[in-house]
Amino acid sequence: MTLEQLAALLKLLLYAGALISGGAALAWASLGSRLGEAAKPAPRWIAGGAAAALVAAVAGAVLLLWQLGGFDASILAALLGSPSGLALGLQILGGALLLASARRAAALPLRLAGTVAFFAAFGTNGHAAASSAWAGLLAGVHVLAAGWWLASLLLLRSACRSLPAGELAGLARHFGRLAVAGIAAMVACGAVLVLVLVPPTREAWLTPYAQNLALKIAFAAGALAVATYARTRLVPRLEREAPAASLALRRTVTAEIVLIAGALSATAWLTTFHSPHEYHEAPAAQEEGGGAPAGRAEAGPEPPEGGDDPYAARVRAETTSDLEPDQIHQLGLSEVKRIEGEMLAIARQLGFADLRAFDSSLEHNPALAAKSGQELVALYKDHLYEMEVRLPLLFGRLPRARLEVVPMEAGLEAQPAGAAYLPAAPDGSRPGRLAVDTNQATRRQITAVESAAYREGLPGRHLQLSIQQELAAPPPIRREAGLPAYEEGWALYAEGLAYEVGLLRNPYSRYGKLRNEMLHAIRLVADTGLHAKGWTREQAVQLFREYSTLDEAEAHNEIDRCIARPAQGLAAKLGQLKIRELRHRAEKALGSRFDVRRFHDEILGAGPLPLGLLAQRIDAYIAAPPPSVESDSPYGAHSH
Amino acid sequence: MSPRRRLRAATAALLLAVLAPLAAFAHSALKRSDPPSGSVLKAPPPSVVLEFNEPARLTSVVAVGADQSERKLEFAPAGSATSFTVAAPALSAGRNELRWKALSKDGHPVSGTVVLVVEPNAAGR
């Protein structure tokens, strides 16, 4: 149990004790001789309630002292000097007076003084008292009337057993007449207090305080409804249908008491855990040290004043590129436009006015959906065979490790790329594997299959990672370790090589390749936008929605990734662009001496390199291009 | 279970539901502090001001240093006010937490923490 829950329980005990004790004193005085035998329990209620209230008040004060910093003279002085201290004094005074008066039938002034002290305590401390003295007075009257009602019901409940039907009917009628005035006062004061504490606006009534208050009002309304039923239906029957009606009255009175107890519990909870400030002023937690002292609305890390830009540092770490975020942003924008232009050309060639219409037709074209998982696997195999026989046109060195295409193991599926590459064992005991996601195969578009085969398999990941593993020179760690910009960049570059050997002939497959490439281009814009250009999440979502086929949720996933791992999404596209740039540089410098096989061997021949080192390697190659090497791969040697 | 017992059980369940934790509470609250919480300071501040959204009674301010040592701090004024000044908090280098406790206007205990970081070389340690 937390201290707060303990405080709420003590408060409930205090409320119940004070209401029953003070209320019983009032009820005894107001119902008078009509109670007859039923007056007997009154002193017990007065004494028991007062004792409970005293214990709860003192324990509550001790708990409050503890919560305020401990049992220290200055803290005690602060508490006693506050309205809480005044209320505590009144509670102790009232409890002592009522306890002393309980056993003496003639001590009416003493009892009334104790009762007044008890209810005055409610008027001096709490939410109502804190808002104004008038509200405090209303709260005191509200509680006084509620206490009278509750205690009268407790006495009436005893009377249902101990009084003969005639006397019970007389008592019930007398109580009913008084109750109209008493309960009307309680409801009127309560209603005014509600209006003072919670303004009649939608926002105000949506706060937890107001909703808990509504629960309390519901309990009170339930008790009122039961009371009305008892007064109008049961009391008239008392004399005619004696024992049955008495029993029924006793039950309804019990129900009223339970509902009032519910209202009391709700009040204790409400006043401990909630505050009307929830509406008037939002909690100022943001000012405190714990949660978000430097919190801000924008996504991602914020550069410290006068310090290095942490995002630029992330960009260097993730991409090994020395481009500035702003340059990457512009590069991304131009790539998005270029790819969009190529995609639009394909869509127009196939008779569609814009990409939206084309994308929608692709989605609903049964000819472009896979028939089965087996068909998907077969498609990958076919495309890889077509590529494999053409590899000697593109590479001098080819990997010894074989590549096999297998259906993805259950549990690994749902790959957005449609296929995942698993490298060969370094000792050659197991070939590289392209695992094809055959889960829900018939819902997969085959437009993405051909480029995925080249990207994930050959000449993409399998070729690069196998050559890396088979390199003789570097130490083992360099044969296994990876650099995302180099590896992802190579895969993205490699799928484009299909054009050069006469593959990706089908316009739908070309479109599928461009769709994937577009996603990487958008990431350049969105990641730098969010982290370096003050973009909002909505701006970034908008970009993905406009230029990709991602739905709203997928777009938010992309943004979450940008925020959680700044710059990580930049690696593939920056790596691809770097390799392309180096190729253009080599072609331009070497002219007719340029051999694409030797260039690729050079790119792959040292394993993953940071992009700057890769550029140095290519510059060295341009300065002194060695003659072509013979291939030692199982694909056979070639001549040129 | 007899109908009466069932009724009692249902009543108990209803009361428990009412008493179940409903979370979130807000009474008086710290509006701001000077220096603001989260500040990184070149030198220990000569004083710290705590400002509340409504009159409250500050009852305790404890400084917790980077080494988890706790020190009670003196503050003024005593009694009800919206602004309190902790004179000469003598914060040490590194992270300092000022844990404050107060009695809010409506009688509730409220508490919070202001975090102030003093640059290590500045405190003369």
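Which residues, taken from the range A:425-439, are in contact with a strand residue (DSSP E or B) (Cβ under 7 Å, 6 or more places away or on another chain) and among the hydrophobic types (A, V, I, L, M, F, W, C)? Working first, answer last.
To start, the set of residues in the range A:425-439 that are in contact with a strand residue (DSSP E or B) (Cβ under 7 Å, 6 or more places away or on another chain) comprises A:431-438.
Result: A:Leu434, A:Ala435, A:Val436.
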Counting only residues in the range B:94-107 that are more than 7 Å from chain A (Cβ to nearest Cβ) and more than 16 Å from B:Arg32 (Cα to Cα), the one nearest to the chain's Cα centre (by Cα) is identified as B:Asn96
Within the range A:563-590, residues being in a helix (DSSP H, G or I) and open to solvent by 40 Å² or more (accessible area, probe 1.4 Å) number 11
How many residues of the range A:530-549 are farther than 30 Å from A:Phe358 by Cα and surrounded by fewer than 20 Cβ atoms within 10 Å (Cβ to Cβ)? The answer is 2
Within the range B:41-57, the count of residues that are in contact with an Asp or Glu (Cβ under 9 Å, 6 or more places away or on another chain) and either surrounded by 14 or more Cβ atoms within 10 Å (Cβ to Cβ) or outside any strand (DSSP E or B) (or both) comes to 10
Within the range A:39-60, of all residues that are open to solvent by less than 20 Å² (accessible area, probe 1.4 Å) and assigned to a helix (DSSP H, G or I), the one farthest from A:Ala268 (Cα to Cα) is A:Ala39
Within the range A:471-519, residues being at pLDDT 90 or above and among the small types (Gly, Ala, Ser) number 9
Of the residues in the range B:96-106, those that are open to solvent by 10 Å² or more (accessible area, probe 1.4 Å) and at pLDDT 85 or above come to B:Glu97, B:Arg99, B:Lys101
Over the range A:80-117, the set of residues open to solvent by 40 Å² or more (accessible area, probe 1.4 Å) and touching a Pro at 6+ places or on another chain (Cβ under 7 Å) is A:Arg103
For the range A:57-77, pairs from a residue that is farther than 17 Å from B:Glu74 by Cβ to a residue that is assigned to a loop (DSSP other than H, G, I, E, B) and at pLDDT below 90, with Cβ under 7 Å and 6 or more apart or across chains, are A:Leu65/A:Phe71
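Taking the range A:117-135 on its own, how many of its residues are part of a helix (DSSP H, G or I) and closer than 15 Å to A:Val194 by Cβ? It would help to see each step written out before you state the result.
In the first step, residues of the range A:117-135 are kept if they are part of a helix (DSSP H, G or I); the result is A:117-124, A:127-131, A:133-135.
Now restrict to residues that are closer than 15 Å to A:Val194 by Cβ: A:127-128, A:131, A:134-135.
Residues that pass the stated criteria total 5.
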Note on B:Ser69: of the conditions (1) small (Gly, Ala, Ser); (2) more than 8 Å from chain A (Cβ to nearest Cβ); (3) touching a strand residue (DSSP E or B) at 6+ places or on another chain (Cβ under 7 Å), unmet is (3)
Margin query: I'd like to know if the range A:453-462 contains one or more residues that are open to solvent by less than 10 Å² (accessible area, probe 1.4 Å) and out of contact with any strand residue (DSSP E or B) (no Cβ under 9 Å at 6 or more places or on another chain).
Written below: yes
Flagged pairs (Cβ under 6 angstrom, 6 or more apart or on separate chains; first in the range A:248-273, more than 10 Å from every other protein chain (Cβ to nearest Cβ) and over 10 Å from A:Cys160 (Cβ atoms); second open to solvent by 30 Å² or more (accessible area, probe 1.4 Å) and basic (Lys, Arg)) are A:Thr267/A:Lys216
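State whether one or more residues within the range A:16-34 are over 28 Å from A:Ala172 (Cβ atoms) and either more than 14 Å from chain B (Cβ to nearest Cβ) or open to solvent by 50 Å² or more (accessible area, probe 1.4 Å) (or both).
The answer is no, given that none of the residues of the range A:16-34 is over 28 Å from A:Ala172 (Cβ atoms) and either more than 14 Å from chain B (Cβ to nearest Cβ) or open to solvent by 50 Å² or more (accessible area, probe 1.4 Å) (or both).
The values are calculated or read from the model by the stated rules, or taken from the named source; none is laboratory data. Note that this is a predicted model, so its numbers are computed, not measured. Neighbour counts run over all protein chains shown; Cβ positions are idealised from the backbone, glycine included. Accessible surface areas use protein heavy atoms only, side chains included; no ligands, DNA or RNA. Shrake-Rupley method; radii C 1.70, N 1.55, O 1.52, S 1.80 Å.
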